1. Please name all residue pairs, on different chains or six or more residues apart, with Cβ atoms under 7 Å, provided the first residue is in the range 487-501 and is touching a residue at least 60 places away in the same chain (Cβ under 8 Å) and over 30 Å from A429 (Cβ atoms) and the second residue is polar (S, T, N, Q) and in a loop (DSSP other than H, G, I, E, B).
2. Go through (1) modelled with pLDDT of 95 or more; (2) crowded, with 16+ Cβ neighbours inside 10 Å; (3) in contact with a Ser or Thr (Cβ under 9 Å, 6 or more places away or on another chain) and name the single condition E578 misses.
3. Collect the residues in the range 247-268 that are closer than 21 Å to K234 by Cβ and of a type in the set (D, E, K, R), keeping them in residue-number order.
4. If we scan the range 603-611, do we find a residue that is more than 22 Å from N500 (Cα to Cα), in contact (Cβ under 8 Å) with a residue 60 or more places away in the chain, surrounded by fewer than 20 Cβ atoms within 10 Å (Cβ to Cβ) and of a type in the set (A, V, I, L, M)?
5. State all residues of the range 279-338 that are touching a Pro at 6+ places or on another chain (Cβ under 9 Å) and among the polar types (S, T, N, Q); if no residue qualifies, say none.
6. Among the residues of the range 394-403, are any in contact (Cβ under 8 Å) with a residue 24 or more places away in the chain, part of a strand (DSSP E or B) and in contact with an Asp or Glu (Cβ under 7 Å, 6 or more places away or on another chain)?
7. Restricting to the range 327-368, name every residue that is aliphatic (A, V, I, L, M) and either closer than 25 Å to V425 by Cα or surrounded by 24 or more Cβ atoms within 10 Å (Cβ to Cβ) (or both).
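The values are calculated or read from the model by the stated rules, or taken from the named source; none is laboratory data. Not measured: the values here are computed from a predicted model. As a convention, Cβ positions derive from the backbone with ideal geometry for all residues, glycine included, and neighbour counts pool all protein chains shown.
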Amino acid sequence: MAARPVADKVIPAGPGSVHLTGRIGDKIDRCINHGILAQNVEKLVSPYRAKTETGNADWRCEYWGKWFTALALADAYEPTVQSAALRDQGTRELLVTAAPDGYLGTRQPKDRLQGWDTWGCKYALLGVLADYDRTHDPATLAAARRQGDVLFAQIGPGANTNIEDVGEWNGLPASSVLEPVVQLYQRTGDKKYLDLANHIVASWDTPSKRLKSGMRLLDDAIAGTAPSKMCSPKAYEMMSCFEGACELYRATGEPRLLEGPVALAESVRQHELTIVGCGTSNEVWCDGSKKQTGAVPKPMETCVTATWMKFNYQLLRLTGDSKYADELERNLYNALLGAMMPKGDWWAYFSGTMGVRVPSYIQHDDVGTSCCVLNGPRGLMITPSWAFMAGPDGPVVNLYGPATAKLAAPSGQAVNLDVAGDYPVDDHATITVKVDPPEAFSIWLRIPAWSLQTQLKVNGELVAVKPGTYAKVHRTWSTGDRIAISFDMRGRVVQAPDGNEQIAICRGPIVLSLDNRLVPSASGLATLTTDGSGQIELSPNPAAATRINAWMAFDVGCTVDGKPSTLTFCDYADAGNEFSRQNMFRTWLPQPLDLKTVYDTRQTWRTLSHANHWTDAPQQ
């Protein structure tokens, strides 16, 4: 193992140390049982066995690795006989497809480095390393090394190939192989792989056949260049490269390797975030923040959402800045869960702030899945690792839904935290501490930036807090100590970022939407009742939530044609949860709102799918 010059500021919770219950726990269980564990290994491995992919059109090479990395996370979260058996089967069946030189891919030698080949090798290598982290099987690491050696020969310092000229999108997908290359160095200590990683990053500043000035990924990010104006605006692939830069920063401590990712994240915040998550159109950056109130073609790819979450997870670990946990929470509760179908077996490819929810089409019939169906679980399954973490002086609490966590005090002794309540349906959570013998350490408690009036008490004593930071409570903790925290769950009115006078409503981390099952189209002009303070009164309506299988619903005062009335909103993630052409929803609302045409937004299933016909989720 290579020494890490840079340690994480906050360390992810270890395997099996966190158990989430409530709504999030149920969603994770559904995703594992009906999605991850239900995958057909033979179909996922068959492209590696056949090795028939050519040209630029095919990307079956990514499917196995995406699925397997989610499976490894699921096996770490809640190991079972079934998950272990499937993990072993998945690795075994992939490794026997290796070419004589160790290549783990879907192409013959003459077709390598074309299209999505290197991108696919990245995912195979990520999956194999994820298995090694679970099993520590030297044969698995040996297979990873052989694939790493193939990459070194193809694109390393001695090769006559600039990675910017490899594959699609000006070498952006190929460059993202940086992440597992660094992981391979971290697990073997072999400097050859570190040399390869440094060579990839150096190549970004080297002129190529395609790019006279090079990709300039780090330089342009640091300069504040908008993501849509960088070398190639493919969102998911760009962030994957910066995930690799984060890994290389851990290995080398080179400041630019963290400065670049931090700057890119800030630029994404400025230009591309929507009210529910990370905005794109047709899978590319599009200045999505300003476009989100209109009909955006193919918006918010689930692969982008999952990768934006993974990128924020990297930055949370490296910086210890709670704003990245805030962003993880927002995407989890809104964009990510809105893309997962209720059963947990399938996902949307694109998700908008209005229109309908559309199940992903199947990209390759022989494999029977799509990139987003396999990537959504990867975003969801990192949740236990960031919900609770370890800081330098004690446990870190980022997520306040019901859960149990077994962490460690600085001395190494166990600290058990039991989180009770129904946050964020309720505005409060209670954390009971179990530690014996008593010990002095800190517990970090995330105070969300949106919660302007948070009340924190430890054993009844008030503790001062500041929004957008961690409250670091240092004391001698004993079994039975209780932390009570109440959040500011007043309804918030959000103004459209493009200044078109549309508004949206948030409550805590939850975005609220209209759904035509609760508010059917009708005659009349509706104006929401606001007082100009930025807050709006919300009245819980649990019966409405139950009626449409939503998490929460609220009545909001309004006038319709000047007469007092109410509109019923539900949480964004459950708006449109029938995934049908008849179930429409809307988040951004003109004022006044024409109730007759409220759902006539021009955002239809045709703008929310790659397919030329409606596609239902496949039946298991």
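1. A496/T293; A496/Q502; D498/T293; N500/T293; E501/Q591
2. (3)
3. Hits for the range 247-268 are E247, E266.
4. The answer is yes, given that some residue of the range 603-611 is more than 22 Å from N500 (Cα to Cα), in contact (Cβ under 8 Å) with a residue 60 or more places away in the chain, surrounded by fewer than 20 Cβ atoms within 10 Å (Cβ to Cβ) and of a type in the set (A, V, I, L, M).
5. T280, S281, N282, S289, Q292, T293, Q314, S322, N334, listed by residue number.
6. So far as the range 394-403 goes, no, none of its residues is in contact (Cβ under 8 Å) with a residue 24 or more places away in the chain, part of a strand (DSSP E or B) and in contact with an Asp or Glu (Cβ under 7 Å, 6 or more places away or on another chain).
7. L328, L332, A335, L336, L337, A339, M340, M341, A348, M354, V356, V358
Residues are listed down the side, and each one gets a yes or a no for (1) in contact with a Lys or Arg (Cβ under 6 Å, 6 or more places away or on another chain); (2) among the basic types (K, R); (3) at pLDDT 95 or above:
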| position | (1), (2), (3) |
| --- | --- |
| L316 | no, no, yes |
| D321 | no, no, yes |
| M340 | no, no, yes |
| F350 | yes, no, yes |
| R357 | no, yes, yes |
| Y361 | no, no, yes |
